[in-house]
Each structure stands twice: as C-alpha cells, then as structure tokens.
Amino acid sequence: MMIMKINNKISNWIIGAVLVCTALACDDDFLEKNPLDSLSSETFWQTEDHVVTGLAGVYATLTDNYLGYERVYYECLSDNAVNAMPNFEQTNLYEMTIGALSATSGGALNNMFLQPYKAITACNYFLANADGALEDPLLTEDELNVYKAEVRFIRALAYFDVVQLWGEAPLYTAFPDDLDEMVVPKSPVADIYQLIEEDLNFAISTLPDTPYSGHAVKGSAQGLLGRVLLTQEKWAEAADVLKDVIDGGKFRLADSYKDIFLKGGQANPSVNAEILFSTKYSSNDVHRVDPVPAGLYLELGQQYYLQPFADLADAYQMSNGDDPASTSLPSENYQNRDPRLDMTMKLPDESWPNDVPIFSSMTGFVMEKYVDLAVMPLTSEDAFESDNDFVHLRYADILLMYAEAKNEASGPDGSVYNALDEVRGRSGVNMPAVDRTMYADQGSLREFIRNERRVELALEGHRYFDLKRWGIAKEKLDGMPTTGGNIMVFKDHFYKLPFPQSELDSNPELVQNEGY
C-alpha cells in the first residue's frame, strides 16, 4: 500500500481515509489506483450495496479505543476507579490523574483525540459520496436519507466527545477537497454544539421509530440529544426530549441489571429493550487483537487494569435506603447494600470462580460489570472471547437524565420521583422509593440524583463527564488519595484537555488550550 512516509501535517487525515478504505474492504492497491484526493463515486458509491458497505465502515470506527469498549477507562479520570495496570493502548492515564497532564502526555490522551476525528472523517467521507448511489433505481432518496441519518448520528456522537473534552476545537463539516482544508483554527463551542444538534434533529426526523437492534434509531438520537442539551444546561429542552423517549414506549428497563453488560444477556430481548445504542461486537469481531490480544475479560476480570475506589463502593446505600454511616442493618464488609454494588464490582472478601489472579487489587476492589463470571477461570486466550457490546446509552440513563433536567428546570414533582423510583425499583434491585420528605427541595434532590447516577451508571464511562459538567471535578478530585501513596491533582484548566503536541505540530492554525 502506498504512503510509506507521510507528512505530519496530513497524517490524521490520511489515517481517517485509510480507516475508511480498510472498513470498505478495499484491495491492497486501492489507494495506489485511487489517490486520496480522488476517492469518489466514479470508483464506488454507485449502488445501495456500496452505501451499506460504506455505512459498515462508519460503524467500524466505533470499535476502537474510546468509542468502543475501552471507554470504560474514562472512569480512571474520576473518583470511581484507578488505572492500576496500564494496558498497551491507554498508557499514562494514571499520570494524567496525578498532575502530569500536558500536550506531550501521549498514549490515552492521543487516543481520546484521534478516535473521534477518525469517526468524523469516515462520516464526512460517507456524506460527501453517498448521493452517487441514487443511480441505483432500487434506492430511493428517502431510503438513502435513513443511511445518512445513521451517519449523522455517529458524527454527533463523536463531536460530542470532542467538545466535552476540549471545548473549542477544529470543526470539519465536509470531506476535504484538498489537504490544506484540514488546517483550520478552533471553532467556538456554540458552533460545534449547533452542528451536533442539527445532526441529531435530522436523525430524529428520519430514523425509524423502532426498538434498537444494532443500528441507530429515533430513540438513539433523542436520547443523545437529551444528553447534549443536559450538558449545555438547557434543562427544559432536555426534559422535553427525554420525556418523548419515555412516552414513546419503545424502551424499558431490563429484567436483569447484570445481563445488560454481558453478550448472552444482550441477545435477550428482555435485556436488549433497555439499550438505545451500543458499540456492537461479534464472536468474529472480538474486542482487540492488535497490537496484542486484549478485551474486557482479560483486562478487567483477570489482570485488574481498572480497580474501583472504596469511595465508589461507599456511595451505595443500604438495601433499606439507609445511609451506611447511620443504619440499623449489619453493614460490615458491605453486606446488606444496594444489590447493584455486588453486580458492579468484586468486593474485598468475595470469592470468584478463579481466585488466583495474575495481579492483586491495590484498592481492594475489582470491576465485575462487563465481566462474565461463567467464563472463569480466565487465561490469556480468553481475550478472544471478549465480545460484549459496549453500551453507550440505555433507558435507565434516560430516566435519570429526565429526573435531573426536570428538577433543575422546575424543581421536584411527581414525574421526577417516579423516574428515580423506576430505576431503583427495577427487577433484581428493588431499592426503596425516594423519601419524598427527606428529598423535598431542589437542592437535596439534586444531590440524590447525582449519587443515583453514580451508582446506577458506575464504571460505564460517565462519571468523568458528569463531574465536569456539574463543575465539581476539582472539588471531588483534587487531593483525593489514589494508589501508590499519591493524591489526585485537578487544576482549574484541567476542565479542558490539552491538544496533543502532534496535532499542534501538524496544524499551525491550532492554538493550545489555556494553562498548558
């Protein structure tokens, strides 16, 4: 394949184009026959089959790094967990939490930046060329628009990561005619959110209003738009969009909390009914093969790369709703706790089917969510069995976001309490209803909702983003004890990440975020 040497100025653009070509199953000499500035409908994009293949290429960008299963590692930037054993891809996460956060951090920081832009490049390439398939008499414009709506949903998902992590950032709305178009300054946050909302509103108006089955549907776009509006503190608008999902009746809480995160459960309609969108993996498309075999079972269940803090375990109420610090129930060793605790992490005195791990836990806890205990004992070969879908958006989050948005917009009312009670009272959890007297005002209910989000969505990649959007990341993280006798460091300018040095070098129009 051509491009043995590439200029840093265009490297990321080429990465995106090569990724698209790879996902489209191009021949090895495809790029030599079709230079990067001439990938067009003349060589592809002439039939609906081409569009379907191109769409598969876009979805394939969700299987790597922070748009795929490794999104769980965002928990290691929060007070939920520590990256105790770095995997080969996400290096320097621990160093980032103890103050060594800079443009040259590399590793995880670079992946956080590159993966969304790879997805964006793939989306823009698809949107620039898909109209060529209208030559196919069997493909109508309405049908093509559904494919485009899926792609615009994924572009919104990727740009949402970018704007939450960096704030102002390069904004590419189309596939470039030449490489110079990739050298652009940062766009305002408002402009990025405007594109995200436009993409999602198009998706909502175009995608089928059906349960989720692997491709984005109307509910997927509504749920993501609700999260986008919530992050911007557009409380009333967010509540309205999320209420539409609730009233739509296409989604409901799973019968089994634990099975939401396991492949066997995800294939069960009663479990899948909770999922609005996920990164899909198959038995022939395991989590990771290169550069070394890896996956959730190996990384979390055997080698304990991600270890929950006691601070997270202590956030779970007693099974009767009491605060663990003042309860009449026996509470030693985390007994009589909210059942979600034991389904989320291995507790200090709990025995697993293979209690001979390669590594021991430095925090006393091990992540259990996304780990199928039925595959124990684990060996290195079991990495190839790790094909659980990674859930980006589920119905419990819709209910919790609705409760938060409605409470912030107009204070407590019956619909807020009912949404919380539904999450807490799900089958197999059966936590008591929210005490309407104890949490009767907006402020106290706000704190309750925030804690409920923490325990319900624990170790799913949300906590870091929640702490930042609530403006309490410094309060919660700075000075918190972590492993190795260190403390976490979170400075004011850490609310925005630094642009990787390689991006500054390749894009002279890009200005580093303040403080770095």
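Each reported figure results from applying straightforward, stated rules to the coordinates on display, with no laboratory input. Bear in mind the structure is a predicted one, so any value in this text is a computation, not a measurement. Every residue, glycine among them, receives a Cβ derived from its backbone with ideal geometry; neighbour counts consider all protein chains shown.
Here are a few things to note about the model shown:
- Residues whose amide H falls under 5 Å from that of residue 487, counting only those 5 or more places apart or on a different chain, are 482, with hydrogens built in the peptide plane.
- A viscosity of 1.002 mPa s and a temperature of 20 °C, combined with the Kirkwood radius over Cα pairs in Stokes-Einstein, give a translational diffusion coefficient for region 375-516 of 115 µm²/s.
- Extension gain, residue 418 to residue 493: 0.36 nm times the residue separation minus the Cα-Cα distance gives 23.2 nm.
- Under the combined filter of DSSP loop state and at most 16 neighbouring Cβ atoms within 10 Å, region 440-515 retains these GluC sites (Glu not before Pro): 509, 514.
- For the chain: relative contact order, % (alpha-carbon pairs under 8 angstrom, 6 or more apart): 19
- Helix 395-410 vs. the chain, principal-axis angle (Cα, 0 to 90°, nearest 10): 80
- Candidate lysines - alpha carbon under 16 Å from residue 258, same-chain residues fewer than 8 apart omitted: 346, 369
- Here's how it looks for residue 366: its modeled amide H is under 5 Å from those of 346, which are all 5 or more places away or on a different chain.
- If you wrap region 293-343 in the convex hull of its Cα atoms and look at it from every side, the mean projected area works out to 4.0 nm².
- In plain terms, the residue of 318, 362 with the fewest other Cβ atoms within 10 Å comes first and the most crowded comes last, giving 362, 318.
- Amide hydrogen neighbours beyond the local backbone of residue 82, cut-off 5 Å, H modeled: 307, 309
- Stokes-Einstein D in µm²/s, Kirkwood radius over Cα pairs - region 420-460 at 25 °C with 0.890 mPa s viscosity: 226
- Those lysines that a straight Cα-Cα span of less than 22 Å connects to residue 491, excepting residues fewer than 8 apart in one chain: 468, 474, 476
- Going by neighbour counts of Cβ atoms within 10 Å, the residues 204, 472 line up, fewest first, as 472, 204.
- Cα centroid separation - region 286-331 against region 462-513, whole Å: 23
- Ellipsoid equivalent to region 84-233 - semi-axes via the Cα gyration tensor, in Å: 31, 19, 16
- Loop sites in region 405-502: trypsin sites (Lys or Arg not before Pro), DSSP, at most 15 other Cβ within 10 Å: 436, 491
- Relative to the longest principal axis of the Cα atoms of the chain, the long axis of helix 11-23 makes an angle of roughly 90 degrees.
- Exposure proxy ranking for 227, 71, based on other Cβ atoms within 10 angstrom of each Cβ and starting from the fewest, stands as 71, 227.
- For the Cα trace of region 57-128, dividing Rg by the Kirkwood Rh returns an Rg/Rh value of 1.04.
- Between helix 108-129 and the chain: long-axis angle, C-alpha atoms, 0 to 90°, nearest 10: 50
- For region 257-342, the C-alpha radius of gyration divided by 2.2 N^0.38 Å, with N the number of residues, is 1.45.
- 34 Å tail of the calculated P(r), the chain, as % of Cα pairs: 36
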